[in-house]
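Only one structure is covered here, and it is reproduced in the block below.
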Amino acid sequence: MSTIQTSKAAESRIEQVDQSNVKFASVYSDHMLVADYDDGSWGDIQILPFDDIKMSPATTFIHYGQAIFEGIKAYRQDNGDVAIFRPTDNFTRFNFSARRMAMQPVPEEVFMGGMKELISLDRDWAPSAEGTSLYIRPFMFATDSFIGVRPPKKFRFMIITTPAGAYYSKPIKIYVHDKYVRAFPGGVGAAKAAGNYAAAMQPTVEVQEMGFDQILWLDGIEKKYVQEIGTMNVFFVIGDKVLTPSLEDGTILDGFTRRSIIQLLADSGIEVEQRKIDIQELVEASKNGSLKEVFGAGTAAVVAPIAELHYKGVDMVLPDVDTWKIAPDVKKRLADIRYGRAEDTHNWMLKV
């Protein structure tokens, strides 16, 4: 594999970004990374001006859904540096997803080396306002021009980026679904496969029409154990305990914001119970007043307070967010590390 070949955009589009009101994925950065796998090897890594891509109508992933992705963020730190949050973890998870979907793992020099070069080239696109970031989307899809059902032999890996503001602007309302199911043991719930999100679209539309923002999924067998919320892992503060669903059955995405929160709480002497959580436990905690906080955790949303959970006619209304302690604290501590205001003792930030 040769060095990265770069073709710079003739003109930048960065003036299209409203720096006073950065919105998630409203405009994409000037360049994109492309690398193709064919005939048993990865070709040259290319950084090209952001543009549409051309493909055959018989391209494999269109028909059989072999597509995976990651979500990563780079932050403009207070001293002007740009640093990426935990990208090596995303690299590892990306290749876990690739293997689960019978796709070719991406070499480190392509994923990490290409990402660092791309972010360095488009570093001016990283906004500086509090709560903003440069969202990084690595993804890969099967590119064989063949509509027979077989493991593909050709793949395209790409990275695009976009300035991002807050994903949720206020505490959100969640519908606990007992009809639709996101994942089953033995399935692909732990992989960041595109089809996981496609299957959630219609249920999400339905709950949004009911006045809710997202879905808290239950397990696919007994439909009683909570899993994850839309694009986020979830945490519950009941009394003096912090709980989050365990990952042991392979149905929940191993999120790195989740991991980071667990570590930061451990640093403060707070243990997080990672176990099966019965929805009825939450109902009872809400009734007796011990359900203090519920919040989502993910790359896009970071830490998203939840105002209300609805399950089978029961409204579990959380205390006013201004009274919360755990979620605001970990959100601030994460922000301070990401923006360079606090020491990065766990080596989560990669400067470019």
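Which shape class applies to the stretch 79-219: rounded if a/c is under 1.5, otherwise prolate when a/b exceeds b/c and oblate if not, where a ≥ b ≥ c are the square roots of the Cα gyration tensor eigenvalues? Oblate, because a/c is 1.5 or more while a/b does not exceed b/c. Put simply, the convex hull of the Cα atoms in the stretch 240-352 casts, on average, a shadow of 8.4 nm².
Shape summary: the stretch 271-319 maps onto an equivalent ellipsoid whose semi-axes, from the alpha-carbon gyration tensor, are 19, 14, 11 Å in decreasing order.
Close amide-amide hydrogen proximity is noted between Gly131 and no other residue 5 or more places distant or on a separate chain, at a cut-off under 5 Å (H modeled in the peptide plane; Pro and chain starts excluded). Using only alpha-carbon positions in the stretch 21-149, the gyration tensor eigenvalues give semi-axes of 29, 16, 14 Å once each is multiplied by 5 and square-rooted (largest first).
Our helix-only sum for the chain, with -39,500 (n - 2.57) per DSSP H run of n ≥ 4 divided by its residues, gives a mean residue ellipticity at 222 nm of -6000 deg cm²/dmol. Compute the label zone of Thr3 within the stretch 12-55: residues whose backbone N is under 17 Å from the point 7 Å along Cα-to-Cβ. Counting only backbone N, you get 44-48.
Farthest towards the positive end of the charge dipole of the chain, among the residues Thr257, Asn79, Thr204, is the Cα of Thr204, using unit charges on the Cβ of Lys, Arg, Asp and Glu.
Give me the Kirkwood hydrodynamic radius of the stretch 157-285, using the inverse of the mean 1/r over all pairs of distinct Cα atoms, in Å to one decimal. Don't skip to the end; give the middle numbers.
On the way: mean 1/r = 0.0627 Å⁻¹.
For the stretch 157-285, inverting the mean 1/r across all distinct Cα pairs yields 15.9 Å.
Largest GNM mean-square fluctuation across Asp267, Asp18, Asp329, computed for the chain with C-alpha springs under 10 Å, falls on Asp267. For the chain, modelled as a GNM whose springs connect Cα atoms under 10 angstrom apart, the maximal fluctuation among Tyr28, Tyr64, Tyr37 occurs at Tyr64. Scanning residues 5 or more positions from Ile238 or on other chains, those with amide H under 5 Å from its amide H are Leu243, Lys292, with H placed 1.01 Å from N in the peptide plane.
For the stretch 272-284, the Karplus equation 6.51 cos²θ - 1.76 cosθ + 1.60, evaluated at θ = phi - 60°, returns couplings of 9, 7, 9, 7, 5, 10, 6, 4, 5, 4, 6, 4, 5 Hz by residue, with Gly and Pro reported as x. Based on protein heavy atoms only, the chain ends up with 45 Å² per residue of surface accessible to a 1.4 Å probe.
Taken over the chain, the convex hull of the Cα atoms encloses 145 Å³ per residue.
Roughly how many percent of the accessible protein surface of the chain is carbon and sulfur, given a 1.4 Å probe and a whole-percent answer?
Values: 7870 of 16000 Å².
Answer for the chain is 49 percent, counting heavy atoms of protein chains only.
From the largest down, the stretch 1-60 spans 47, 30, 18 angstrom on the principal axes of its Cα atoms. Toward the positive end of the charge dipole of the stretch 75-191, with +1 on the Cβ of Lys and Arg and -1 on the Cβ of Asp and Glu, the farthest Cα among Met101, Ala126, Phe141 is that of Met101. Derived scalar couplings between HN and Hα for the stretch 115-124 equal 4, 4, 5, 5, 5, 4, 5, 9, 4, 5 Hz in order, rounded to whole Hz, by the Karplus curve 6.51 cos²θ - 1.76 cosθ + 1.60 (θ = phi - 60°), x for Gly and Pro. Set against the 2.2 N^0.38 Å expectation for a compact globular protein, the stretch 61-107 has a Cα radius of gyration ratio of 1.51. Between Ser26 and Ser128, the modelled labels are 1.9 nm apart [label points 7 Å from Cα along Cα→Cβ]. Summing Cβ point charges (Lys, Arg +1; Asp, Glu -1) relative to the Cα centre of the chain gives a dipole of roughly 400 debye. Note on the chain: dipole from Cβ charges, positive end direction compared against Trp348, Pro245, Val294; the farthest Cα belongs to Pro245.
Taking θ as phi - 60° and the Karplus parameters 6.51, -1.76 and 1.60, the scalar couplings of the stretch 58-64 work out to 8, 4, 3, 5, 4, 8, 10 Hz in sequence order, x denoting glycine and proline.
Between the amide H of His31 and those of Phe50, distances stay under 5 Å, these residues lying 5 or more places away or on another chain, with hydrogens modeled in the peptide plane.
Size of the stretch 82-127 from its Cα atoms: along the principal axes, largest to smallest, the extents are 37, 16, 13 Å.
The values are calculated or read from the model by the stated rules, or taken from the named source; none is laboratory data. The model shown is predicted, which means the values in this text are computed figures rather than measured ones. Positions of Cβ are backbone-derived with ideal geometry, glycine not excepted, and every protein chain shown enters the neighbour counts. Accessible surface is based on the protein model in full, side chains and every heavy atom, while ligands, DNA and RNA are left aside. Shrake-Rupley method; radii C 1.70, N 1.55, O 1.52, S 1.80 Å.
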